[in-house]
Structure formats: structure tokens, C-alpha cells
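Enquirer: Dropping the structure in here first, questions after.
Readers should treat all values here as calculations from the given coordinates under stated rules, not as data from a laboratory. Treat the numbers as computed from the prediction; the structure is a model and nothing was measured. Positions of Cβ are backbone-derived with ideal geometry, glycine not excepted, and every protein chain shown enters the neighbour counts.
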Amino acid sequence: MSHRPARLWLLATLVAGAVYLGLYLNRGWYPHDEGALGQAAERVLAGEVPHRDFDEPYTGLLTYLHAAAFAVGGIRLPVLRIPLFLVTLAWLAAVFRIALRSTGPPGAALVTLVALAWSVPNYPASMPSWYNLFFATFGVLFLLRWNETGASRWLVLAGLAGGVSFLFKLSGLFYVAGAALFLLYATRTSEPGDPEPRRPDLGARLVGAGVTIAMLVLAMYLWRSVAPLYWFRVIYHFVLPGTLLAFALAAREWLPPYQRGSTRIRSLVRAGVPFAAGVAIPVVLFAAGFASADALPAVINGVFVAPFRRLAFANMRPPASFWVLAAVPLVILLRPRPDPSHRRWRLAGAVVALLLISVLWLAGAESFPHRFVWQSLRGLIPPVAAIAALIMVWPRVREGWHSGGVTRFVLLAMVTAFASLIQFPFSAPIYFLYVAPLLLLSLMALVQGIGRTPPPLSAATLGFYGAFAVLLVTPGAMVGMGFRAESNHPNVKLELPRGGLRIKPEDAALYGALIQELISRAGSGGIWAGPDAPEVYFLGGFKNRTRALFDFLANGTSEGGTISPNSNVALFLRSLEGVTAIVINGNPNFSPPLPAELIDSLRARFPEGRSMERFELRWRR
């Protein structure tokens, strides 16, 4: 078949996606996110090194990308979103190419646009978690190409995707874990002329034991961190999917047809070494750059130690496990039928479409139907992982699948299961969107691989979830996400030199007044703003005299001028020499509020003041 129709559909999809994303690209914000991203990039432009000179919340590559964007486009918040826009288009092309392996060009186009509707337009801030999603998708596409061609270069590229993803954020390692499990699955083949053992030998036992131990370590970590707060939910959403897949892989090593141990290890090494090399290349280059700046110990602490302090301050429990029952109607719609091509399914599809339109109307009017639709997807990751595990250990389950369908589904299920850990421990609804497109691709691979779902039913279902996102999720953006539909709230441009985003009128009024008066009161002196107010420094163009972007990441020492106000009050007050104005955030998002006695001391030192909603601006003459 000619590739021209597919290319035309891809081009049309990219144009439609670019227009749709462009409508929302500069709308909405979380002030602390934009402030942290902007301030970190500006500090790099000023010659500072992440982790060494300030508390970088992520690995660091995103900050350098944003600094490059500022250098080209100027220091304004919308500039941060230009790289996100461009990489999103490349990601859409990858989603299309993956979907095209399971369906025709029109279906691939629809799946790609629905994936977009469930992702970036809902929160178009240039957060590293979006890049984790993008590079996990790139990696899946490269692994599919390797499985189709056997060429090692695709394994190197798949590894590169994981290494680069890690350089954006530590959670990029989740994709690496899922991809590694897939290599264990895909490399279990026999070589020509290789005699089949009668029982699993040492090689199979080592592989099975290694997988089991690795998953037990992960499960114990999740259990010991925050599981006592809501243990069953954590087990269901975050421990169960990976554990099922890993145990299925381990059991598969003990099931016939058996392999010689030397053959098993050799095939695993042939795939694992190029993949591991791909992961290592960008990481080693990045580490070498930090080592040359005498910053490598700080990077190790900032990437592997400091993030775990967030568990005490930034956590949100996942949905209750009973919400998985919301997926029952979806399962009924998509379940295999004995004669899926019969003409009667066209009428059934029309009836289902009318019913789903009614559900859409209810979800827009009432909270419970809205949550029901949302949770019908969010609770599906463990069942999808369970199906993939069952396929691996029970050959009868995969009988009748389309060619290549089993491999595609298992790969997507593994990567989705591990990528979903990005929701841990802060399981806000927005974090589901960082994995929702991968879940969508997994469901498509499952339905198309079995091939017995009537096309009218699958089309009506996909259209419904796309319309739900476009009409009932994106217009309200983060307001009410996952709980209720919100209308497209009014937004105005933030009229500050470093602003430019379209935000709520009340936010624009607050920050416009706060920044203008802060500039006036500070004069030529310095400022302090906190806890957790990086946007105040960035929007006002003020230098942050401390290392901290978020105060809870500070360790309470005076190294480099970083003083945590909640851990060493005397040192903190002494660090304010030369400061002429301060902004106290009375409602920080993550860090604890300032103690009352410290606020009293600050008011005595800065006797003039004015309250501005959650902020208190104070200054001295």
C-alpha cells in the first residue's frame, strides 16, 4: 500500500493539532510553576549552575532548554512554551505512527487528536512531566521499529529517549524500567538448531529471580514511603500493575518452551547493551558537564536525595479503588463480539452514540457523571496490566490476535504501567494527563489486536472520550479538573513586562498591583519573598538572594546563603541585611506557613505593610 495517504493524514493531523494547541498555548498558569521555571532559566542565563548555585527542582536539562529559549525570544513567560509547542508536534507524529500500526490513517488521526485533547492543552505550562510523556512515546516507537527490523540502532535510540527523559526529570526512569521489562519479554526466543531443555536451567532462573527481586524492592519502597496514609489505593494504582507484569515475566521463564541458559543470556545482552548504551550516552555527557563545573556532588544530591523531601510536603492520594467499577460500561462497549463486521452493528453504533451524547450532557451538568467518566479511564491501568500479564503466561488468551498485536499491546501496557508512577505521591488529576495518551494507545492496541470489537462501537467510544476532553475538561483547564465541568472562564493578559500569559482577571489584578508596588517600595534594595513565591522574583525582575525556589527543598543550612525560615529563624533574620521589602505568602502551596513569632519579627523589622489577598507586602523606609 502507498505511504502517500498516511502522510497526507499525518500532515492534516499535525495542522489540526497545531491549531488546537495554539488556541490554548498561552492560557492559564499555576504561578509557582511558571515562577520556578522562569527564575531557574534566568539564573542559568546569569551564569549560575543548577544544583550547585540554586535548588533546581528537576534534573536540569529543562532549565537549559528554557534558558536557550529566553536567550532567543526574550525573558517573558510565553517564551517558555515555545519549545513545548514544537516538541508536542513531534510527539503527535510519533503517536500517529504508533496508532497506524493498529488501524488505518483516519483512525490513527482520530486517536492522535484524542490523545492531544487529553494532554498538553489542558495545562500548557512547559513542565518536565510533559517531556517525560513525549520521550516515553518516542521510545515506544523506536522499540516497535526494533521489533520489526531487528536493527540495533533502534535500541540505541530507544535508550537515548530514556536517558534524555531522565535529564528532564527523575521520573524519566519509569519509562526505562518499562522498556527494560519489554526487552526481557521480547528477547525470549530460541536460536535455530538450539536444543530445547526439558526444564528451566540456571539462566532462566537468574532472569526470573532478578525481575522478582527488582519488583519487590519497588513495592517495598512505595509501601514504606506514604502507603500507611492510604495503603490500599497505593497498592492498587502504583504497586499492582508493575508487580503483575514482573511476576508474569518471571513465571514465563519457567514455562515451556524452555531455553538454554546461554541462549537466554546472550539474547538479553544483545538487546540490553545497545539500549543501556543509549540511556547512558546523554546522562554521561550531562554529568561530565556538571563535573567540569564542580557541581556533580550537588547534582547527585539534588536529583536523588532532595526530591524525596517532597513526600512530606507534596502528596495527594489517588482515587479510591472502587472507582474502577466506572470502567464497566467501557468494557461492555469494547468487549469482543462473535460477528463484529455484521451490518446490524451500524445501527447499534448509532444508538450507542445517542446514549453517549446523553451521558456527555449529564457530565456537563452534574458532578457525579463527570467524575464517573473521568474515573472510567483513570482506574484502567491496573486491569490493562493484568491483561498483559495474563497474555504472557496463558497462550490461549492470545489466540486469534492480529499479527504483531500481542507485542504492541504488551509493550504499551508495560510502559504505561511504569509511566503511571509519575502520579506518585502527588496524584492530582493533572498528573493522570501525563500518562493518559499512553493508556489510550494501550487500549487501542488491545481492541485492535483482538479485532472483534465492532468498529461502530469503538468509533463511538473514542469520539465520546475525545468530545468529553474537548468540551468538558479543557475549557475549564485546571479548575475542577477530574471532579466537575467548568465553563471557559474569563481570562485577560498579564500586563507585566515579563508576563504575557492569559490568566484569570483576579490573578492579573493581584500580581499586577503586587509587582508594581513591590518595585516601588524596594527601590534599589533587595527583596525576600516566600514561602514558595518564585513568581514574585521572576515577574518583578528581582534577584533571589537564596538558593531556594521552593522553601521546603532547603535543608536549613546557611550554605550559599540558603536559610530555611522554618528551621533557623535567627540565621534567616540575619540574612535579610540589605533587604528593603518582603512579600509573605500566607498560603504556600507546599511549604509550611511561616511561624507566627517569625511573622511578628518581620513586621517589627519592616514596619510598613499592606495585605494583598494571600500576600502581605511589607517594607521599611
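Enquirer: Once whole DSSP H runs in the chain are found, which of them have Cα atoms spread over 30 Å or more along the helix axis and a mean Kyte-Doolittle score of at least 1.0?
Expert: Working: long enough: 4-24 (31 Å, 1.09); 77-99 (34 Å, 1.89); 128-149 (31 Å, 0.46); 202-225 (34 Å, 1.38); 261-292 (43 Å, 1.16); 344-365 (32 Å, 1.66).
Helix filter hits for the chain: 4-24, 77-99, 202-225, 261-292, 344-365.
Enquirer: Next question. Determine which aspartates and glutamates satisfy two conditions relative to K504: a Cα distance under 17 Å, and not lying fewer than 8 residues away in the same chain.
Expert: Straight-distance partners of K504: D33, E34, E486, E495, E535, E613.
Enquirer: Considering every Cα-Cα pair within the range 244-287, what fraction, in whole percent, is farther apart than 11 Å? The partial results should precede the final answer.
Expert: Working: 695 of 946 pairs.
Roughly 73 percent, once rounded to a whole number.
Enquirer: I'd like to know which of V299, I281, A180 lies farthest towards the positive end of the charge dipole of the chain, counting +1 on Cβ of Lys and Arg and -1 on Cβ of Asp and Glu.
Expert: The residue sitting farthest along the positive end of the dipole is A180.
Enquirer: Next question, about the same structure. Just to be sure I understand: if I project the alpha-carbon convex hull of the chain onto a plane and average over all orientations, what area do I get in nm²?
Expert: Averaged projected area of the chain's Cα convex hull equals 29.4 nm².
Enquirer: May I pose another question? Relative contact order of the range 1-126: what whole-number percent is it, with Cα pairs under 8 angstrom and at least 6 residues apart?
Expert: On the way: 104 pairs, mean separation 48.7, N = 126.
That works out to 39 percent.
Enquirer: Jot down the per residue volume, in cubic angstrom and as a whole number, of the convex hull over the alpha-carbon atoms of the range 504-619. Provide the component values of the computation, followed by the final result.
Expert: Working: hull volume 11.0 nm³, N = 116.
In the range 504-619, the Cα hull volume divided by residue count equals 95 Å³.
Enquirer: With charges only on Cβ, +1 for K and R and -1 for D and E, what is the dipole size of the range 504-619 about its Cα centre, in debye, rounded to 20?
Expert: 260 debye
Enquirer: Please report M481, M316 as a ranked list, fewest other C-beta atoms within 10 angstrom at the top and most at the bottom. Can you show the working numbers first?
Expert: Values: M481 20, M316 13.
Ranking M481, M316 by Cβ neighbours within 10 Å, fewest first, gives M316, M481.
Enquirer: Let me have the relative contact order for the chain, percent, based on Cα pairs under 8 Å that are six or more residues apart. All intermediate terms of the calculation are to be shown ahead of the outcome.
Expert: On the way: 993 pairs, mean separation 112.0, N = 621.
So the answer I get is 18 percent.
Enquirer: Averaged across orientations, what area in nm² does the convex hull of the alpha carbons in the range 1-126 project?
Expert: Here the figure is 8.7 nm², rounded to one decimal.
Enquirer: Still on this structure, please answer the following. Which listed residue (F426, N122, T263) has the Cα farthest towards the positive end of the charge dipole for the chain, taking +1 on Lys and Arg C-beta and -1 on Asp and Glu C-beta about the Cα centre?
Expert: Going by the charge dipole, the pick is T263.
Enquirer: Ok, one more. Just to confirm a number: summing +1 for Lys and Arg and -1 for Asp and Glu over residues other than P50 whose beta-carbon lies under 11 angstrom from that of P50, what do you get?
Expert: On the way: positive: R43, R52, R547; negative: E48, D53, D55, E56.
Cβ neighbours under 11 Å give a net charge of -1.
Enquirer: Relative to the Cα centre, what is the charge dipole magnitude of the chain, using +1 at the beta carbon of each Lys and Arg, -1 at the beta carbon of each Asp and Glu, and rounding to the nearest 20 debye? Don't jump to the answer; show the numbers that get you there.
Expert: Details: 54 positive and 32 negative charges, 320 e Å.
For the chain, the charge dipole is close to 1540 debye.
Enquirer: Return the whole-Å distance between the Cα centroid of the range 118-162 and the Cα centroid of the range 320-369.
Expert: So the two Cα centres are separated by 31 Å.
Enquirer: What residue among L571, S358, F135 has its Cα farthest toward the positive end of the dipole of the chain, where the charges are +1 on Lys, Arg and -1 on Asp, Glu, each on the Cβ?
Expert: Sorting the options by dipole projection puts first S358.
Enquirer: Among residues other than F606 whose Cβ falls under 12 Å from its Cβ, what is the net charge (Lys/Arg +1, Asp/Glu -1)? Walk me through the numbers on the way to the answer.
Expert: On the way: positive: R521, R603, R605, R610, R618, R620, R621; negative: D600, E608, E616.
Residues near F606 contribute +4 overall.
Enquirer: For G364, what charge total do you get from the other residues with a beta carbon under 11 Å from its beta carbon, if Lys and Arg give +1 and Asp and Glu give -1?
Expert: Its environment carries a net charge of -1.
Enquirer: What is the dipole size for the range 1-126, taken about its Cα centre, with +1 at each Lys and Arg Cβ and -1 at each Asp and Glu Cβ, in debye to the nearest 20? The partial results should precede the final answer.
Expert: Values: 9 positive and 7 negative charges, 153 e Å.
In total the dipole reaches around 740 debye.
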